[in-house]
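Visitor: Handing you a structure now.
The values are calculated or read from the model by the stated rules, or taken from the named source; none is laboratory data. Just so you know, these numbers come straight off a predicted model, no measurement behind them. Methodologically, a virtual Cβ is constructed for each residue, glycine included, from the backbone with ideal geometry; neighbour enumeration extends over all protein chains shown.
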Amino acid sequence: MRWSENFTSLLQDQHISYKYSNGEEQININDCDWQEWLKENESRHDFIKNNLLNATLTFHHRVKMFIKHIIKSKGNPLKISYHSYKVEFALRGAAHVHGVLWIDWENIDILSKKDTQLIKDALKKIKNEQKIEDNERNAIAKFADEFISCSLKNPKTADIVQSVNVHNHTKTCKKYGSDCRFYFPRFPTLKTIVAVPLQHSDIPVDKQEIESCEAKRILSSVKVVLQDEQAMEEICEINKEKIDIYVQTLNLVQKIGLILSETPKKKQTICLDEKNVLKHLYL
Ligand SMILES: [Zn+2]
C-alpha cells in the first residue's frame, strides 16, 4: 500500500493539487506536501484502515492493470497464455497476490529452440519426479537469468529493490520455530544454481547420507556467520575491494565473451534451495 493514488483517492473532501515535472510527482493537500499532511493528520496505517473499501478497489484496479499492460502485453517476452491468482490480506490488512503464469513455450523467442526444448523436457521430468540432466539444469538457470535478478547494480531499480524487496524478519517469520520460515538469510552465490534433491543427484546411493551430513554441517556453519550481523558487516568490509575486483574481472570476461560470440549473456543471482526447487519452479 505504498502508492500515492491510494491516498489521493481518499481525500476528496480536501483541496488536492497534482503536478508532474521532470519525472517527479508533487501532490499537495491543502497546499501542504501530502506526506507531511498525513503525518500531521492521521497515520497512514489508520488512514487505510478507515477507508478499506476504497483502498481495496484501488488495489483491485491496479492488479487488473498490471495483468493487462504487463503480463498480457504483446511485448512481454515471457509470452503468457494463461494466468491465475488469489488475493491474500496480511494481518495488517495489506493485500497481496499469489499466482501462477502459464508460459507459451511454442512462441517464446528469448531463448534458443534448443534451450526451450531442454526446459520443456526438464519440466516434464520434474513433474514426474525424474532426474534432470546438467544441460537441462543449465537451460533452466539461463531462463531464470533472463527474468530474475537480485542485483543492486542497476541505479534505476536499486532504490526500489532496497525499499520493497529486501527481507526483514517479522513475527510471522518465526511462527513455527526459531528459524525464519522463509529461509532467510539465504546462502549467497555468484551465479544461478538449480539445486536438486539428493536422490536425484549424481552421488552414489551409499554415499548420499555422508554427503548430506557434510553438506548440512558446512551450510549450518555458513548460516551462523550469515546471521551474525556484526560479523557480516566486518567480512563485507574486509572483502569488498576483492569482491569488486572479482566482479569487474567477471564483467570484463563476459564482455570479451560477448564480443567473440555475439551471444548476449547475463549473470544474475538467485538461489533455489534444495527443498524448494520444485516449489519455486511451479510458483
Ligand atoms: Zn524472516
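Visitor: Just to be sure before I move on: is Lys64 modelled with pLDDT of 95 or more, not assigned by TED's automatic domain parsing to the domain that holds Lys191 and not hydrophobic (A, V, I, L, M, F, W, C) in the structure I sent? Please lay out each step first, then the result.
Guide: Values: modelled with pLDDT of 95 or more: yes; not assigned by TED's automatic domain parsing to the domain that holds Lys191: yes; not hydrophobic (A, V, I, L, M, F, W, C): yes.
In short, yes.
Visitor: Follow-up. Please work out which one of (1) under 15 Å from the mean Cα position of the chain (by Cα); (2) aromatic (Phe, Trp, Tyr); (3) assigned by TED's automatic domain parsing to the domain that holds Tyr82 is the condition Trp105 fails and give its number.
Guide: (1)
Visitor: Let me ask you something else. Would you check if Leu53 is hydrophobic (A, V, I, L, M, F, W, C), modelled with pLDDT of 70 or more, under 29 Å from Val87 (Cβ atoms) and surrounded by 12 or more Cβ atoms within 10 Å (Cβ to Cβ)? Steps first, answer last, please.
Guide: Numbers: hydrophobic (A, V, I, L, M, F, W, C): yes; modelled with pLDDT of 70 or more: yes; under 29 Å from Val87 (Cβ atoms): yes; surrounded by 12 or more Cβ atoms within 10 Å (Cβ to Cβ): no.
So Leu53 does not fit the description; no.
Visitor: Going through segment 159-211 one residue at a time, which ones are more than 11 Å from the ligand (Cβ to nearest atom), not in a loop (DSSP other than H, G, I, E, B) and not β-branched (Val, Ile, Thr)?
Guide: Correct list: Asp159, Gln162, Ser163, Leu198, Gln199, His200, Asp206, Lys207, Gln208, Glu209, Glu211.
Visitor: I want to confirm something. Restricting to segment 127-158 and keeping residues that are of a type in the set (Lys, Arg) and at pLDDT below 85, which single residue is farthest from the ligand (Cβ to nearest atom)?
Guide: Our first condition is that a residue be of a type in the set (Lys, Arg); within segment 127-158, this holds for 127, 131, 137, 142, 153, 156.
Next, only the ones that are at pLDDT below 85 stay: 153, 156.
Working: Lys153: 25, Lys156: 27 Å.
The selected residue is Lys156.
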